[in-house]
Amino acid sequence: MPATYEPIATTTLGSAASSITFSSIASSWTDIKVIIVATAASNANFAFRFNSDSGSNYSRTRLAGDGSSITSSQNTNQTELQLTSSFSIGTTPVMRTLDIFSYAGSTNKTVLFEEINDLNGSGGLNKQVGLWRNTAAITSINFFAQSATNFAAGTTATLYGIKNA
Amino acid sequence: MPSTYTLISSNVLSSSAASVTFSSIPATFTDLVLRISSRSDNTIAASTIRLRFNGSSSASYSETLLSGSGSAAVSARSSSATYMFNAGYFVDDANGATANTFGTTEIYIPSYTVAQNKPLSGITAQEDNATAARITAEAGLWSNTAAITSIEIFSNYNFLSTSSFYLYGIKNS
């Protein structure tokens, strides 16, 4: 059986940075997955785009819980997908995961992503589905700050490839 | 490029046990994945699954969850608890559930050796073709900067024979 679930690239920030980019992603896999453990110097919002596309080609539906209430909402025709649509990133390490299916196929691209953001008495979790209405293969993913606050040093992002054969 | 997602250790119970512990977890991976198929001897349909890291029972575990029972959804949290999943929604099947049904659980722990507090994600499902069912997604946090070297999985009852526990390591390079 061929090897699958392979690390493609990883970044651990040695100093604060406004963005993290995985570029030149080969089409060698079937699906790709990103695991991020992030902090920021103060609460801040972050987003991501595929192939540097800033057109209004993104949409998402979310299901979030904050420990007392559940909310679900939808946003259409967005110019990016939010890493922090429900919970900002601050000084406590939090986790983000993206599962992108058939990223090299010729249909629009679906991504399941989650915000794991428990802060011992606050925060919560958010399960989302995103859609990028573009039939191009995904060759780059750019995570970026939406304000002056950057990803803090020590933030780690890893891209994995999963192959079906 | 190396393949990853490597089995570190497993335990398939040959008799009932109150807990399962993976110890001496090597620091050679980046992330950990724990996959469990379990059923307990509680007389009702469900029993809670709980974790402790490094044998610590200090009040350092917290969680926020989304849970659905088939008729209602809830978000709840637990803070400064002495074990993970103290809120009581992270459950597997028990003896009150349909025979031969087991709960299914996955827990992902990223950056388990990094000297920072440890976030984790979890999901568990207890489905038994009856009214007593539940699915729960969790955001957890262990407020401890030590590398995780052991994981104890326990319940408020005993895990039954054939319950299985698998610990995998994922490496980012």
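Answer yes if at least one residue in the range B:51-61 is buried (at least 21 other Cβ atoms within 10 Å of the Cβ), within 12 Å of chain A (Cβ to nearest Cβ) and modelled with pLDDT of 95 or more, and no otherwise.
yes
Which of (1) over 19 Å from B:T28 (Cα atoms); (2) within 14 Å of chain A (Cβ to nearest Cβ) is the odd one out, the single condition B:V114 does not satisfy?
All conditions are met except number (1).
Read through the list (1) within 22 Å of A:L159 (Cβ to Cβ); (2) open to solvent by 40 Å² or more (accessible area, probe 1.4 Å), then give the number of the only condition that A:L83 fails.
The failed condition is (2).
Just to be sure I understand, how many residues within the range B:60-75 are under 17 Å from B:L120 (Cβ atoms) and aliphatic (A, V, I, L, M)?
2
In the list A:Q128, A:Q82, A:Q78, which residue meets the criterion of being under 20 Å from A:D31 (Cβ atoms) and among the polar types (S, T, N, Q)? Reasoning before the result, please.
Numbers: A:Q82 fails: under 20 Å from A:D31 (Cβ atoms); A:Q78 fails: under 20 Å from A:D31 (Cβ atoms).
It is A:Q128.
What number of residues within the range A:18-30 satisfy the criterion of being within 20 Å of A:E115 (Cβ to Cβ) and either over 11 Å from the mean Cα position of the chain (by Cα) or polar (S, T, N, Q) (or both)?
Taking the range A:18-30 first, the residues within 20 Å of A:E115 (Cβ to Cβ) are A:18-20, A:22.
Of the ones still in play, those that are also either over 11 Å from the mean Cα position of the chain (by Cα) or polar (S, T, N, Q) (or both) are A:18-19, A:22.
Within the range A:18-30, residues that are within 20 Å of A:E115 (Cβ to Cβ) and either over 11 Å from the mean Cα position of the chain (by Cα) or polar (S, T, N, Q) (or both) number 3.
What number of residues within the range A:41-72 are within 13 Å of chain B (Cβ to nearest Cβ) and not charged (D, E, K, R)?
9
Where in the range B:4-85 are there strands (runs of 3 or more DSSP E), lying fully within it, with 2 or more residues that are within 18 Å of B:F102 (Cβ to Cβ)? Full working, then the answer.
Numbers: elements: B:6-12, B:17-22, B:31-40, B:46-53, B:61-68, B:73-81.
Fully inside the range B:4-85 and qualifying: B:6-12, B:17-22, B:31-40, B:46-53.
Among the residues in the range B:93-106, are any within 13 Å of chain A (Cβ to nearest Cβ) and either assigned to a strand (DSSP E or B) or under 18 Å from B:S9 (Cα atoms) (or both)?
For the range B:93-106, residues within 13 Å of chain A (Cβ to nearest Cβ) and either assigned to a strand (DSSP E or B) or under 18 Å from B:S9 (Cα atoms) (or both): present.
Is it the case, given these coordinates, that A:T92 is more than 14 Å from chain B (Cβ to nearest Cβ) and in a loop (DSSP other than H, G, I, E, B)?
No, not satisfied.
Out of B:S67, B:S37, B:S47, B:S56, I need the residue that is in contact (Cβ under 8 Å) with a residue 60 or more places away in the chain and farther than 20 Å from B:A125 by Cβ. Which one?
B:S56
When you look at A:Q78, is it open to solvent by 40 Å² or more (accessible area, probe 1.4 Å), within 16 Å of the chain's Cα centre (by Cα) and away from chain B (no Cβ under 14 Å), yes or no? Outline the logic, then answer.
Details: open to solvent by 40 Å² or more (accessible area, probe 1.4 Å): yes; within 16 Å of the chain's Cα centre (by Cα): yes; away from chain B (no Cβ under 14 Å): yes.
Against the criterion (open to solvent by 40 Å² or more (accessible area, probe 1.4 Å), within 16 Å of the chain's Cα centre (by Cα) and away from chain B (no Cβ under 14 Å)), A:Q78 qualifies.
For the range B:132-152, give me each residue that is more than 17 Å from the chain's Cα centre (by Cα) and either more than 25 Å from A:K127 (Cα to Cα) or part of a strand (DSSP E or B) (or both).
Listed by number, the residues that qualify are B:N144, B:T145, B:A146, B:A147.
Quick grid of which residues meet (1) open to solvent by less than 10 Å² (accessible area, probe 1.4 Å); (2) at pLDDT 95 or above; (3) more than 30 Å from A:I25 (Cβ to Cβ); (4) at the interface with chain A (Cβ under 9 Å from one of its Cβ atoms):
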| site | (1), (2), (3), (4) |
| --- | --- |
| B:V12 | no, yes, yes, no |
| B:A18 | no, yes, yes, no |
| B:I49 | yes, yes, yes, no |
| B:E63 | yes, yes, yes, yes |
| B:A76 | no, yes, yes, yes |
| B:S79 | no, yes, yes, yes |
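Can you tell me how many residues in the range A:120-152 are part of a loop (DSSP other than H, G, I, E, B), open to solvent by 60 Å² or more (accessible area, probe 1.4 Å) and either over 27 Å from A:S15 (Cα atoms) or within 14 Å of chain B (Cβ to nearest Cβ) (or both)?
The number of residues fulfilling the criteria is 2.
I'd like to know if the range B:118-126 contains one or more residues that are part of a loop (DSSP other than H, G, I, E, B) and either open to solvent by 10 Å² or more (accessible area, probe 1.4 Å) or more than 21 Å from B:V20 (Cβ to Cβ) (or both).
No.
The values are calculated or read from the model by the stated rules, or taken from the named source; none is laboratory data. Keep in mind that this is a model prediction, so the values were computed, not measured. For neighbour counting, all protein chains shown are included, and Cβ atoms are generated from backbone atoms with ideal geometry for every residue, glycine included. Ligands, DNA and RNA are excluded from the accessible area calculation, which covers all protein heavy atoms including side chains. Shrake-Rupley method; radii C 1.70, N 1.55, O 1.52, S 1.80 Å.
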